[in-house]
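The structure appears right after this line, and notes come after that.
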Amino acid sequence: MRIDIVTIFPEYFAALDISLLGKARRTGLLDVHVHDLRDWTHDRHRTVDDTPYGGGPGMVMKPDPWGEALDTIAPPSTAPCAATGGRSGAVPRLIIPTPSGRPFTQELAARYAAEPWLLFACGRYEGIDSRVVDEARTRMPVDEVSLGDFVLAGGEVAVLVMIEAVGRLLPGVLGNADSVSDDSFAPGAMESLLEGPVYTKPQVWRERPVPDVLLSGHHGEIARWRRDEALRRTAKHRPDLLVHLARGGLDDRDRAV
Ligand SMILES: COc1ccc2nc(C(=O)O)sc2c1
């Protein structure tokens, strides 16, 4: 998978050189290119923002640098070039983090993990001039996405979160592929369920023992206990998810929890 990121703070993405994602880059599973938006400015101050039309607080990111950046990274022509890694006709999916976007979910992460090329645009200030999104939609798929009901200072942290959520789903990135299937919200048995508690050695820690069932070796009982604990935690922290389960994910034994 190729990932391009456009930002005025490239240094945020040094984090992509470490841990699992850093290894994925070194082994070629991930091809990440970080671009400084100011490289597409032409004034002495490398200006990327200006006052909002209609008034209001703060500044808005100018369309020109963004337009030139997207044109360079994903040229409107279909001719293969270095910027597209020689891909003729390929276009990326443009993903723009914004508080006004659609929710980013595990399902969306899985869909993005199936894409060959993602292009992330990191907004700052009050956001990017809306005409940039409108123009980009004429030649590539564009998603405006939010991490949740809160507001960050810009899109960089949101992009780091999304790249980690997507990158760990790529085959070969996680050492144990089963870790993905046991995720909270993972499709299948865990869909709409939060993960339950986990334990490791020592067997007793500060007078707190590991639950006996986990030491029993009875895999069926262990699976049942884990599902019960996941249901219990979901009911406590995310009762809203149980509605989905009630539509078909629960069986009679679940209702007894
Ligand atoms: C100006 O760019 C921003 C500002 C806040 C913000 N908050 C996000 C979130 O997902 O919470 S994405 C995002 C982008």
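The values are calculated or read from the model by the stated rules, or taken from the named source; none is laboratory data. The structure presented is a predicted model; accordingly, all values stated were derived computationally and were not measured. When we count neighbours, we look across all protein chains shown, and the Cβ atoms used for this are built from the backbone with ideal geometry, even at glycine. Side chains are part of the model used for accessible areas, which takes the heavy atoms of the whole protein and leaves out ligands, DNA and RNA. Shrake-Rupley method; radii C 1.70, N 1.55, O 1.52, S 1.80 Å.
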Using a 1.4 Å probe on the protein chains only, how many percent of the accessible area of the chain belongs to carbon and sulfur?
53 percent
In whole Å, how far is the Cα centre of segment 24-38 from that of segment 99-178?
15 Å
Distance in nm between pseudo-label sites at His237 and Gln203 (7 Å out along the Cβ direction from Cα):
2.8 nm
Helix 63-73 sits at what angle to the longest principal axis of the chain, using alpha carbons and giving 0 to 90 degrees rounded to 10?
70 degrees
Sites removed, the longest contiguous part of the chain containing no DSSP-loop chymotrypsin sites (Phe, Trp or Tyr not before Pro) with at most 12 other Cβ within 10 Å is 151-257
For the chain, with +1 on Lys and Arg beta carbons and -1 on Asp and Glu, the positive-most of Val133, Ala24, Gly56 along the dipole
Ala24
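Tally Lys/Arg at +1 and Asp/Glu at -1 over every other residue whose Cβ is under 12 Å from the Cβ of Thr7; what's the total?
My count for the surroundings of Thr7 gives -3.
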I'd like the accessible area for His218, computed on protein heavy atoms only with a 1.4 Å probe and all protein chains in place. Round to 10 Å², please.
100 Å²
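Hull surface divided by four, with the convex hull built on the Cα atoms of segment 190-256: how many nm²?
Over every viewing direction, the Cα hull of segment 190-256 projects on average to 5.2 nm².
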DSSP loop trypsin sites (Lys or Arg not before Pro) with at most 10 other Cβ within 10 Å excluded, longest remaining stretch of the chain
45-205
